[in-house]
Structures are given as structure tokens and as C-alpha cells.
């Protein structure tokens with residue numbers, strides 16, 4: 001038996017918490033299955049082991065099904081395949097569904113493999129995980145249920161596919177699903193803030209997750225050690241990511257996927273055009289650090305700052321980190337110029353410090369903000385002690401509704417006390433349309449000078 005398999009399996013067994021599974025007879029059976037290699041790594045979790053060892057009636061039920069040739073059968077409603085199979089106890093209908101659904105299943109698997117930076121060799125495993133999940137859910141399905149079986153299956157299959165990454169595709173194995181979810185949450189925040197120094201990123205993660213600094217540091221070390229870093233970034237509750245770009249209705253209505261494909265191509269065109277307008281070195285830095293080719297939009301393993309520095313002959317990691325910030329800003333401005341998004345420039349104009357317990361603390365920060373394009377800058381004051389954390393000193397010339405001002409408050413809040421001197425930020429167009437759409441009055445209060453004794 002492969003030594004790496006045994007080592008990883010033993011780690012995963014430590015994460016089994018179900019007391020019934022830990023009963024001597026069942027546990028011995030599980031250990032025997034591990035020693036013989038009958039259990040795949042992604043199956044070593046509470047949920048699947050409960051099905052295999054505590055729900056054996058499912059397996060017995062499956063043995064009662066006959067299988068006749070239903071290859072010529074077609075239903076407009078995909079759920080009808082499962083209803084007919086259960087009513088007639090004929091597995092042939094289930095097989096007919098698989099044949100019909102194969103193009104969608106293949107597309108979903110390819111999307112998953114691409115999204116999580118796996119290899120083509122993993123595609124069949126991803127498909128098999130979905131089909132096994134579907135089969136067990138099928139055996140429990142109530143034909144009178146108004147909710148289609150596929151709706152129950154998608155999320156469960158997605159989590160098992162993530163288990164596949166967790167247990168077989170990372171250099172460091174995370175024993176439990178909960179631990180893996182926590183790891184993905186930490187690395188999602190960490191990788192979303194490349195402009196911040198590591199210690200500031202750690203502080204931000206501690207604030208947003210409530211985890212200890214020690215735990216966060218450990219997670220980051222594990223996350224950096226993973227073979228497939230993209231596979232640990234998305235959040236577990238992202239329903240859009242769960243479904244991917246492939247719709248179940250692809251078989252009946254190809255226009256759905258055609259629309260999505262068209263939108264994807266539009267995005268690619270904008271990104272390719274913007275990337276071509278910045279310098280080749282800037283383009284290379286962004287491409288290598290993100291793990292995305294701006295020509296074909298293939299996904300690959302991102303390079304470290306040290307690796308990029310070697311390729312570009314730069315002085316070191318710090319140099320590349322600084323150049324990356326500048327390159328991304330240039331790239332964002334080009335996207336704005338092309339009309340793909342909007343943006344705003346922030347410039348710190350004032351900072352008031354106070355002494356508290358012998359330490360200097362920020363009382364307020366004032367920023368000038370300029371929407372992308374021309375016009376006079378607006379000004380916003382951010383204070384840490386006022387009832388109103390943000391107040392408008394004046395709106396920018398072309399910020400009639402205060403939409404940009406409100407976006408600026410979100411940006412400053414996201415800084416989490418770093419208070420940058422000057423930076424350009426891209427803003428999705430749809431975000432501006434959501435703000436103050438019912439009126440033309442800014443929601444933020446305007447700044448008022450404090451009254452003096454003489455004025456009183």
C-alpha cells in the first residue's frame with residue numbers, strides 16, 4: 001500500500017467525530033478498508049462513512065433494482081428519469097439520464113477542474129464524485145417531492161469535490177471539513193489583500209474571523225504550502241460558484257450557456273485590451289502573480305514574488321511587490337478608459353493625531369476624492385470618535401448623487417486603519433447604480449464646523 005496514502009488516511013481518520021462510527025466493530029471495518037486501500041481519501045469523512053457503514057439499507061435497496069435498456073427514452077423534465085426509475089425500480093432510467101446529462105456533467109467537471117487549478121486527469125474523478133453523490137441521494141428521494149433531485153445533489157456533490165482537493169490535491173492535508181472551510185476563509189482574505197504587508201493581512205484576518213493570531217499564522221503557512229492554492233480561496237457558501245458557468249438547462253436551452261459564454265468573451269476582450277496597453281513587464285507581473293494568461297486566459301499555478309523577481313532580474317521580493325501594486329493600478333485605469341468599470345482616486349490631505357494613554361492615535365483623516373476623468377475633487381473626513389464616522393466636506397464636481405462618496409467610505413473602511421497616502425481604486429459600474437437610485441441626495445451627513453463660545 002502507498003505510504004503517502006496511509007499517512008494521509010491516518011490524518012483524516014483523526015477528524016472522524018461520529019461516535020457510532022467510532023464503535024469498535026465499525027471502526028475496525030473502516031481501518032481494514034483503509035489498510036486494503038478500498039476507501040478513497042475523499043471518502044474518509046463523517047458524511048460518506050455514515051452512508052457506507054450506518055446506512056447499508058441503501059446498498060440493499062440498490063440490489064433490488066433491475067436494469068433494462070432505456071437508451072432511447074427521453075424526457076423534457078430531467079427529474080422524470082428519477083421518478084420513473086424509482087416507481088419501476090428500473091435502473092435503466094437512471095442510466096438513460098446519465099447518457100442525456102453527460103454533456104452538462106462533462107462541462108461542469110471541466111469548469112471545476114479549471115476553476116480550482118487541477119489537471120485534466122482529475123476530470124473523470126470529479127464526474128464520478130457527482131454521480132456517486134447523485135446515486136445515494138436518488139435512493140433516498142421521495143417522488144412526491146416538488147424539489148428536483150438535482151437541486152439536492154449539486155451542493156452536496158460540490159462539497160465532496162472540495163473534499164477531493166482537501167484530501168488528495170494539497171501538499172498539506174487538512175483532516176476535517178470544518179478545518180478546511182476555516183482555511184479557505186483565511187486564505188480568501190489573505191489572497192484578496194496582496195497590497196498589504198503580511199502582518200497587516202494577519203491583523204485583518206484576525207478581526208474578520210475572530211481566530212487567534214497563532215491560528216491565522218498557522219493557516220497561512222498551510223495555505224502557502226498547498227499545491228493548488230486556487231482550490232482553497234472560494235467561500236463554501238458561494239452559490240454562484242457552486243453552479244459554475246454550466247446550467248442544467250443547457251440540454252433544452254443552449255441560449256443560457258451562449259449568453260454566459262458571450263459575457264465571458266466580452267470580459268476577456270476588455271482584460272486582454274487593458275493588459276496590452278500596459279508595459280510587457282507590468283503585464284508579466286500581474287499574469288504570473290495571479291496565475292492567469294491574458295492571451296488565452298488559461299489558469300496556472302501563481303508564481304511567488306521571488307520567482308517573478310528572478311524572471312525579471314529585479315532586486316528582490318519587495319521590489320516586485322511594489323511594482324505589482326503600480327501595475328494593477330495602471331491596469332485598472334486602462335479598464336476604466338475602456339468603459340469596463342469606473343474608478344476613483346483617493347489622496348490623503350490631512351491627519352489629526354491625539355495622545356491617548358501615552359500613544360499617538362488617529363483622531364481623523366481627510367481625503368480628497370476624484371471620480372475617474374476630469375472635474376474638481378470632493379473631500380471626505382473620516383473620524384474614529386464622532387457619531388458620524390464619515391462626513392462630506394464637499395462632493396466632487398461630477399458626484400451629483402454622492403454615489404462616489406459612498407463608495408469611498410467603503411474603501412476607507414476596508415483599509416482597516418492603514419490610511420494610504422494616494423491610490424486609484426476601480427469600482428464596478430453596477431455598484432454605482434445601486435447607490436442613491438431612489439433620490440438624488442447623498443446619504444452621508446455634511447461636515448459642520450464646531451460652534452464656538454462666542455457663537456453660542
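Name the one entry in 206, 186 that is modelled with pLDDT of 65 or more, farther than 21 Å from residue 285 by Cα and surrounded by fewer than 20 Cβ atoms within 10 Å (Cβ to Cβ).
206
Among the residues that make up segment 82-102, is at least one of them under 30 Å from residue 10 (Cβ atoms), within 30 Å of the chain's Cα centre (by Cα), not assigned by TED's automatic domain parsing to the domain that holds residue 301 and not in a loop (DSSP other than H, G, I, E, B)?
No; the residues of segment 82-102 include none that is under 30 Å from residue 10 (Cβ atoms), within 30 Å of the chain's Cα centre (by Cα), not assigned by TED's automatic domain parsing to the domain that holds residue 301 and not in a loop (DSSP other than H, G, I, E, B).
Going through segment 295-310 one residue at a time, which ones are within 18 Å of residue 268 (Cα to Cα) and within 20 Å of the chain's Cα centre (by Cα)?
Matches in segment 295-310: 297, 298, 299, 300.
How many residues does segment 402-418 hold that are under 14 Å from residue 383 (Cα atoms) and either in contact with a helix residue (DSSP H, G or I) (Cβ under 8 Å, 6 or more places away or on another chain) or not assigned by TED's automatic domain parsing to the domain that holds residue 362 (or both)?
2
If I filter segment 422-440 for residues that are at pLDDT below 65, under 29 Å from the mean Cα position of the chain (by Cα) and at positive phi, do I get at least one hit?
The answer is yes; a qualifying residue exists.
Could we say that residue 221 is at pLDDT 50 or above, surrounded by 15 or more Cβ atoms within 10 Å (Cβ to Cβ) and not assigned by TED's automatic domain parsing to the domain that holds residue 325 here?
no
The values are calculated or read from the model by the stated rules, or taken from the named source; none is laboratory data. Being a predicted model, the structure only gives us computed values, none of them experimental. Please note: Cβ atoms are built from the backbone with ideal geometry, for glycine as well, and neighbour counts cover all protein chains shown.
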